[in-house]
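Below: one structure, written as C-alpha cells.
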Protein chains: 2
Amino acid sequence: MPRPARSSSPATLRDLGENALVQRLIRRLPLGASVRVGPGDDCAVTGSARQPRWQLLKTDAVLEGIHFLPEEDLKRVGWKALCRAISDIAAMGGMPEHALITVAAASTLEVERLEHLYQGLRRAARRFGVSVVGGETARSPGPLFINVALTGWVERGRCILRSGGRPGDLLYVTGKLGGSIAGKHLDFMPRLAEARWLTANFPLHAMMDLSDGLGADLPRLAAASRCGYEIDAPLPAHKGQTPENALHDGEDYELLFALAPRHGARLEKTWRNQFPRLPLSRIGRLTQPPPRSAPHPKDSPDLSRHGFDHFAQSR
Amino acid sequence: MPRPARSSSPATLRDLGENALVQRLIRRLPLGASVRVGPGDDCAVTGSARQPRWQLLKTDAVLEGIHFLPEEDLKRVGWKALCRAISDIAAMGGMPEHALITVAAASTLEVERLEHLYQGLRRAARRFGVSVVGGETARSPGPLFINVALTGWVERGRCILRSGGRPGDLLYVTGKLGGSIAGKHLDFMPRLAEARWLTANFPLHAMMDLSDGLGADLPRLAAASRCGYEIDAPLPAHKGQTPENALHDGEDYELLFALAPRHGARLEKTWRNQFPRLPLSRIGRLTQPPPRSAPHPKDSPDLSRHGFDHFAQSR
C-alpha cells in the first residue's frame, strides 16, 4: 500500500509511527513449530501443543527521559522496569519466573545510584517470586537504559490471548485509570494475583494489560478479536482525573478483559469478596465488527486516533 | 571491604570497573530452586535437577558508538547482535531457540536503515534456527541500541560450564585470534556446530566463548575452575596480527575449552577430519592454583591486567 509522501527526504521512524513500524519489521521473521504465539500479544508463547505448561517470553525496556526523569529515584525505576514485564506475564494468565537485566549506563553514573536501581529490581523480584538469573552492564554514551527479559509459564488451558474475544462479551477493567504520571507509573502493582484468580475461576475470552491507555489498548484487543467495541459505562477514573485522562493517559498497568455475559453477575459478586480494595468495573462490551469489514489485526496497527505512540511524540 | 578513595567525589562506574560493578550488583539477587546456574557464566541455566533438558538464558546488547560505528551497515550489526548471544549458547554446549529483540532508536532514524538491521537479524535467525518471537521498538534520544534476549536448551549431561576445569587439563581454542576490528567482529560465525560436535564426542570439563580477548577470558575460566593456567604454545593469530593482538583485541567469538589430556590426541585427529577449514589449537593447560590460595570466582572479578573493560575505557 503506497504511503503518501510528506517530503522528498527518506521516511523516518517518526513519519511511520511505532505500530506500523513494528508491523513492517516483524514481517517475515522466522517462527519455528514450537511457537504458539509470536509477536503481537502481551507475551510470546512457546511450547508444544500438547505440553501441560507453556512458556511465556517478554522483553521490555525503560529509558531515562522517556519512561522516567533523569533525577528520579532509581529504586522506583528498578521496580517499574521489572513490574512492567510482570504485568505482561499476568495479562496472559501466567506466572513470572526468570529475569535477565541489561543496564546501559554512562561511565560517570554514580555507583550508588546504580545500586538503588538494583534495589528496586530486587524488591520487585522478591515480591513476585522472580529469579534474576543474569544480565549485563554496558557503558553507554546515551541515557540510562534498562532492559528486562522475563520468562514465565502458564497452564495450557489458562493462557489468555488478546484474540479470543467474541461479540457480546462484557469488558472489564481492574483498578482506576488516568493520572499515572503523578506517581503510579513508578509504584504500580502488577495484577498478578488478580489475573491468576480470574483464570482459575472464569473462562476469560481475552485479556491484556493497559500500558498505552484504554483509548489505544481497547481497540487493539477488539481488533485482535475481530470485533468492534462500545464503552457504555463511566470509566473508573482516579480521583481528580477526567474521563479523558482515564482514556488516554496510559501507564495504568491494569487488566482489561472480556468475558461471556452469563458469567458477569458471579464475577462481580465474587470479585468484591476476593479483592475488596481493588475496584472492578464493567465498562462496555465487544460488538459485531464495524460494517466495513473488520480489520485484520496484522493490517491494522491501531484503530485509535489517541493513545501513546513513542515515535509520534515530538522529540 | 573498604575501597581506597581516589577522590572526594562519589564513586562512578569508571572508578569501579565493569566486573567489580557487576559483582556488586548481582549480590543478593534472589535465585529460586529452578536455577541451576545464575549470573557469571556465558548463560544462565534453569530447570530441575532431574529434567533431561535444561533451558539456557542469555541477554546481550550492542550499542552504536561502542560495538559498532554510526555509519556501519546495519545488516552486519543485526547479524552481530544475534550471533553474539548465539555464541554464548554455543559455549554452554546448547542450541539456541527463541529470541526477543529490543531496539531503541532515534525517531529520526531512517526506516530503511532499521529494516537493514532486521534483515541482518533475520539472516542470523534463519542460519541458526532461531525463532524471533517478539520484542519492542522504543524511541530513544540516545545512540541506536539493540538488545537480544535468547533462550536455548541443552541436554543435562552436555551442559558445559566455565567452572569444571581441572589441573592438567589441556586448553584449546578454535579458529584464529586478534584483529577482529577489521571486520570479523561483524561477520563472525558462532561456533555452534563445533560446540555441539565437541560435547557429543568428548567429555569437556569447561568451555566459554572468547569475547573480551583470551588475556581477559582465560583467567576467568581458570578462576571459575579454581585453577591456575599456563600458555605454552604460540597463539593462533590471524594473518598480520601479533601475539599481543591475539591475546588482547577481543571480539574473537571463538571457543576456549578444557579437556583431560588423555583425549587430546583423538580430539586433534578427529577435529581435522570434521572441520578441515577451522584450525583447532592447543595453547596451554590448566595448572594447580597459584600459591596464595586460588581466588574464588565470586570474589575475583578479573585476574587479568589486560582485556576489554567497557567502563575502564575513556568515554
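The values are calculated or read from the model by the stated rules, or taken from the named source; none is laboratory data. Note that the structure is a prediction, hence the values are computed from the model and not measured. We place every Cβ from the backbone using ideal geometry, glycine too, and count neighbours over all the protein chains shown.
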When restricted to B:PHE257, B:PHE311, the only residue crowded, with 16+ Cβ neighbours inside 10 Å, outside any loop (DSSP other than H, G, I, E, B) and at pLDDT below 90 is B:PHE311
Would region A:75-88 turn up any residue that is of a type in the set (A, V, I, L, M) and surrounded by fewer than 21 Cβ atoms within 10 Å (Cβ to Cβ)? no
Could we say that A:PRO39 is at pLDDT 80 or above, at the interface with chain B (Cβ under 7 Å from one of its Cβ atoms) and within 16 Å of B:GLU115 (Cβ to Cβ) here? yes
Select from region B:68-78 the residues that are within 15 Å of B:ALA124 (Cβ to Cβ) and not charged (D, E, K, R) and list them in ascending order. B:PHE68, B:LEU74, B:VAL77, B:GLY78
Out of everything in region B:42-86 that is within 12 Å of chain A (Cβ to nearest Cβ) and of a type in the set (Ser, Thr, Tyr), what residue ends up being nearest to the chain's Cα centre (by Cα)? B:THR59
Take the conditions more than 16 Å from B:LEU100 (Cα to Cα), modelled with pLDDT of 95 or more and out of contact with any helix residue (DSSP H, G or I) (no Cβ under 6 Å at 6 or more places or on another chain) and apply them to A:SER87. Does it pass? yes
So B:GLU136 clears everything in (1) in a helix (DSSP H, G or I); (2) surrounded by fewer than 22 Cβ atoms within 10 Å (Cβ to Cβ); (3) not hydrophobic (A, V, I, L, M, F, W, C) except one condition, right? Which one? (1)
Filter pass, B:ARG123 being out of contact with any Phe, Trp or Tyr (no Cβ under 8 Å at 6 or more places or on another chain) and either surrounded by fewer than 20 Cβ atoms within 10 Å (Cβ to Cβ) or at negative phi (or both): no
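Conditions (1) touching a Ser or Thr at 6+ places or on another chain (Cβ under 8 Å); (2) in contact (Cβ under 8 Å) with a residue 40 or more places away in the chain; (3) within 19 Å of B:ASP60 (Cα to Cα); (4) not assigned by TED's automatic domain parsing to the domain that holds A:LEU256, marked per residue:
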{"position": "A:PRO96", "(1), (2), (3), (4)": "yes, yes, no, yes"}
{"position": "A:LEU100", "(1), (2), (3), (4)": "yes, yes, yes, yes"}
{"position": "A:ALA104", "(1), (2), (3), (4)": "yes, yes, yes, yes"}
{"position": "A:VAL111", "(1), (2), (3), (4)": "yes, no, no, yes"}
Taking the stated definitions as given, is A:PRO190 closer than 30 Å to B:ASP60 by Cβ, modelled with pLDDT under 95 and either in a strand (DSSP E or B) or not basic (Lys, Arg) (or both)? no
For region B:201-225, what are the residues that are closer than 23 Å to B:ARG156 by Cβ and either small (Gly, Ala, Ser) or part of a loop (DSSP other than H, G, I, E, B) (or both)? B:PHE202, B:PRO203, B:LEU204, B:HIS205, B:ALA206, B:ALA224, B:SER225
Collect the residues in region B:131-148 that are under 19 Å from the mean Cα position of the chain (by Cα) and more than 7 Å from chain A (Cβ to nearest Cβ), keeping them in residue-number order. B:ILE146, B:VAL148
So if I check each of A:VAL148, A:VAL173, which one is among the β-branched types (Val, Ile, Thr), over 26 Å from B:ALA149 (Cα atoms), crowded, with 23+ Cβ neighbours inside 10 Å and touching a residue at least 40 places away in the same chain (Cβ under 8 Å)? A:VAL173
List the number of the failed condition for B:LEU29; all other conditions in (1) more than 11 Å from every other protein chain (Cβ to nearest Cβ); (2) farther than 15 Å from B:SER211 by Cα hold. (1)
State yes or no: is A:GLY168 at positive phi and not assigned by TED's automatic domain parsing to the domain that holds A:ARG226? no
Got at least one residue in region A:66-89 being among the small types (Gly, Ala, Ser) and in a loop (DSSP other than H, G, I, E, B)? no
Restricting the search to region B:48-77, which residues are among the β-branched types (Val, Ile, Thr) and touching a Phe, Trp or Tyr at 6+ places or on another chain (Cβ under 7 Å)? B:VAL62, B:VAL77
Is it fair to say B:THR102 is in contact with an Asp or Glu (Cβ under 6 Å, 6 or more places away or on another chain) and facing another protein chain (nearest Cβ under 7 Å)? yes
Selection status of B:GLY250, at positive phi and either in a strand (DSSP E or B) or surrounded by 15 or more Cβ atoms within 10 Å (Cβ to Cβ) (or both): yes
Checking the conditions here, which among A:GLY228, A:GLY157 is modelled with pLDDT of 95 or more, surrounded by fewer than 22 Cβ atoms within 10 Å (Cβ to Cβ) and within 25 Å of A:PRO39 (Cβ to Cβ)? A:GLY228
Could you figure out which of (1) within 28 Å of A:VAL37 (Cα to Cα); (2) at pLDDT 95 or above; (3) not in a loop (DSSP other than H, G, I, E, B) isn't true of A:GLY93? (3)
One residue is enough: does region A:118-128 have a residue meeting the conditions assigned to a loop (DSSP other than H, G, I, E, B), modelled with pLDDT of 95 or more and more than 7 Å from chain B (Cβ to nearest Cβ)? yes
One residue is enough: does region A:275-289 have a residue meeting the conditions modelled with pLDDT under 95, assigned to a loop (DSSP other than H, G, I, E, B) and on the phi < 0 side of the Ramachandran plot? yes
Hey, among the residues in region B:271-282 that are out of contact with any Leu (no Cβ under 8 Å at 6 or more places or on another chain) and surrounded by 14 or more Cβ atoms within 10 Å (Cβ to Cβ), which one's farthest from B:LYS176 (Cα to Cα)? B:GLN274
Return yes when B:GLY152 is within 13 Å of chain A (Cβ to nearest Cβ) and in a loop (DSSP other than H, G, I, E, B) and no when it is not. no
